[in-house]
Structures are given as C-alpha cells and as structure tokens.
Amino acid sequence: MREYSAFDILGPIMIGPSSSHTAGAARLGKVAKTIADGKIKKVKFFLHGSFASTYKGHGTDKALVAGILGMNPWDEGLKTSMDKAKEKGIEIEFIPTDLGDVHPNTVKFEITKTDNKVVEVIGSSIGGGNIIITGIDGENIEFTGAYPTILINHIDLPGMVARVSAVLYYYRINIAFMRVYRSGKGSAAAMVFEVDDFISQELIDEIRKIPNIKNARAINPIKEDK
C-alpha cells in the first residue's frame with residue numbers, strides 16, 4: 001500500500017486552480033528555461049491532450065510562460081506572466097497539437113534564443129505538481145526534476161562515465177540515479193545524473209573541462225517555500 005505524504009494530500013504551494021495544470025506547468029517552464037541556457041526571444045508551446053483543451057481556463061498558458069520567465073508556482077507574478085513576457089520582448093505562441101502516445105498533460109517547448117539557436121524540450125505534468133521531462137532536442141531522455149540533476153552532452157567514448165563520476169566523487173556528490181543515452185557507438189550521447197546534493201556552478205565547470213564533453217547543465221529543484 002502506498003504511503004501518502006502531506007504534499008500528496010495538500011498539494012504544492014501555488015497560484016491557480018490545478019496542481020497539474022498550473023503548478024506542474026510552471027515547473028515544466030522553469031526546467032525548460034534552464035535547459036535552454038540562454039536569453040530567450042521566442043517560445044512556441046505545443047500543447048497535447050488535456051493541456052490543449054483546457055489551457056486557457058486552467059491558467060496553464062500563464063503558468064508555462066511564468067516558468068519560462070523563471071517564476072515559481074507560487075509567484076504572484078504568474079497571473080500577469082503574459083504581460084511580463086511582452087515587456088521583455090519574448091514572443092509567445094500556443095499551438096494545440098497531437099504529440100502521440102504521451103501523457104495527456106504534455107507540452108513541447110520550441111525555444112528560440114537570441115543567438116537564433118532553437119532548443120526543444122518535451123515534458124509532462126503528471127499530477128500533484130510533479131513533472132517528468134522525456135525529450136531534449138529530439139533525444140529521448142527521462143528525469144523528474146525531483147532531484148538535483150546534471151545533464152551532459154558528450155561523445156560516446158570509453159571512460160566518459162568514469163571521468164564524470166570521479167568529479168562527482170571529488171565534490172562528495174552521491175548519485176541517486178543515472179542513465180546514459182546514445183545515438184550510436186562513438187557518436188553523440190547524453191548522460192543524466194540525478195543526485196542527492198545541490199549542484200554548484202563550480203562542479204559543472206569542472207565537468208565541462210573533461211575532454212569530449214560538449215555541454216553540462218545543472219537543474220536544482222525549486223523549494224516549496226516563499
């Protein structure tokens with residue numbers, strides 16, 4: 001029998017009527033912003049299933065934009081996020097679509113940065129304000145955002161996992177879960193480390209120094225307090 005926490009019963013601290021459609025949506029937007037890693041000038045939100053049919057009534061549109069602006073689910077500014085995005089010159093577009101066999105509360109972010117680089121992120125709000133990221137730039141990956149997470153793009157060569165693990169060991173970071181993804185032997189690959197401790201920029205900088213690491217990014221969970 002599952003044990004329920006106070007968070008499961010009461011839900012997350014948030015602005016809006018629905019933990020799935022507002023709190024989860026804001027979290028998805030904030031994680032997508034972190035993954036994009038740069039100044040944003042345009043975002044297309046491809047909305048699937050329940051997100052597509054109720055995004056205006058439940059405030060999902062405002063929550064997604066708030067996340068892109070770096071707001072938390074409980075931020076009062078969520079209510080006026082559309083205006084704030086306009087003030088910052090960020091172009092916003094919502095496109096109801098069918099993303100296939102995915103969770104009904106799924107969104108694909110197509111983020112265009114000021115350097116014209118486009119980043120795609122796919123994620124779902126799975127209930128109670130919880131989320132799961134399932135794709136980045138066409139790569140199928142998976143992480144929940146519940147743990148501090150390190151995303152690494154690299155070349156698939158022997159010893160890459162060991163080199164990154166050595167850096168984590170040096171910084172006394174314990175690995176909770178890890179996954180490795182690759183398109184083929186010796187080609188582009190990705191690692192996802194979900195860890196037990198806050199990820200510092202210093203640690204990320206050390207990982208980036210490893211030969212054949214193309215990029216490394218940290219996503220630290222937001223805290224449920226004001």
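The values are calculated or read from the model by the stated rules, or taken from the named source; none is laboratory data. All values derive from a computational prediction rather than experimental measurement. So basically every Cβ, Gly included, is an ideal-geometry build from the backbone, and we count neighbours across all protein chains shown. Ligands, DNA and RNA are stripped out before the accessible areas are found, and what is left, the full protein with its side chains, is counted by its heavy atoms. Shrake-Rupley method; radii C 1.70, N 1.55, O 1.52, S 1.80 Å.
With a 1.4 Å probe and all protein chains left in place, how much accessible area per residue does the chain have, in Å²? Walk me through the numbers before you get to the answer.
On the way: 11460 Å² over 226 residues.
In whole numbers, the chain has 51 Å² accessible per residue.
In nm, give the distance between the simple-model label positions of ASN140 and ASN215, each being 7 Å from the Cα along the Cα-to-Cβ direction.
Label-label distance for ASN140 and ASN215, simple model: 2.2 nm.
Testing the spin-label approximation: label points 7 Å from Cα along Cα→Cβ at ASP205 and THR54. State their distance in nm.
A separation of 4.6 nm, rounded to one decimal place.
Among the aspartates and glutamates, which fall within straight-line cross-link reach of LYS42, defined as a Cα-Cα distance under 15 Å, with same-chain neighbours fewer than 8 residues apart omitted?
Correct list for LYS42: ASP61, ASP83, GLU87, GLU91, GLU93, GLU110, ASP115, GLU120.
Provide the FRET efficiency to the nearest 0.05 for the LYS44-LYS79 pair, computing r from the beta carbons and using R0 = 25 Å.
0.65
Using only the Cα atoms of the chain, what are the Rg and Dmax in Å?
Rg, Dmax (Cα atoms, Å): 17.6, 51.
Mind pulling up the Rg/Rh value for the range 90-215? Radius of gyration and Kirkwood radius, both on Cα. It would help to have the intermediate numbers written out before the result.
Working: Rg = 16.0 Å, Rh = 16.2 Å.
A ratio of 0.99.
Looking at the chain as a GNM with Cα springs under 10 Å, which of PHE45, PHE193, PHE177 has the largest mean-square fluctuation?
Among PHE45, PHE193, PHE177, the largest mean-square fluctuation in the Gaussian network model of the chain belongs to PHE177.
If you bin every alpha carbon distance in the range 149-219 into 5 Å steps from zero, what whole percent lands in each bin?
Bin by bin from 0 Å, the calculated values are 3, 18, 33, 27, 14, 5, 1.
Calculate what fraction, in whole %, of the accessible area of the chain sits on carbon and sulfur atoms when a 1.4 Å probe is rolled over the protein chains.
After summing per-atom areas, the C and S share lands at 50 percent.
Provide the gained length on full extension for the span ASP37 to ILE92, in nm with one decimal, where the gain is 0.36 nm per separating residue minus the Cα-Cα distance.
18.0 nm
Quick one: Karplus J couplings for the range 76-83, per residue in order, coefficients 6.51, -1.76, 1.60, θ = phi - 60°, nearest Hz, x for Gly and Pro?
4, x, 4, 5, 10, 4, 4, 5
GNM on the chain, C-alpha springs below 10 Å: top fluctuator among THR106, THR80, THR22?
Residue with maximal mean-square fluctuation among THR106, THR80, THR22: THR80.
Taking 0.36 nm per intervening residue step and subtracting the Cα-Cα distance, what contour gain separates ARG182 from PHE198 on full extension? If you can, show how the numbers build up before the last one.
Working: separation 16, 0.36 × 16 = 5.76 nm, distance 2.63 nm.
So the chain would gain 3.1 nm between ARG182 and PHE198.
Please tell me which of these pairs span more than 32 angstrom C-alpha to C-alpha: LYS108/LYS214; LYS30/LYS214; LYS30/LYS209; LYS33/LYS185; LYS113/LYS209; LYS56/LYS214? Working shown, then result.
On the way: LYS108/LYS214 24 Å; LYS30/LYS214 23 Å; LYS30/LYS209 26 Å; LYS33/LYS185 30 Å; LYS113/LYS209 24 Å; LYS56/LYS214 38 Å.
Exceeds cut-off: LYS56/LYS214.
Compare ALA26, ALA216, ALA63 in a GNM of the chain, Cα atoms joined below 10 Å, and give the one with the largest fluctuation.
Result for the chain, Cα springs under 10 Å: ALA216 fluctuates most.
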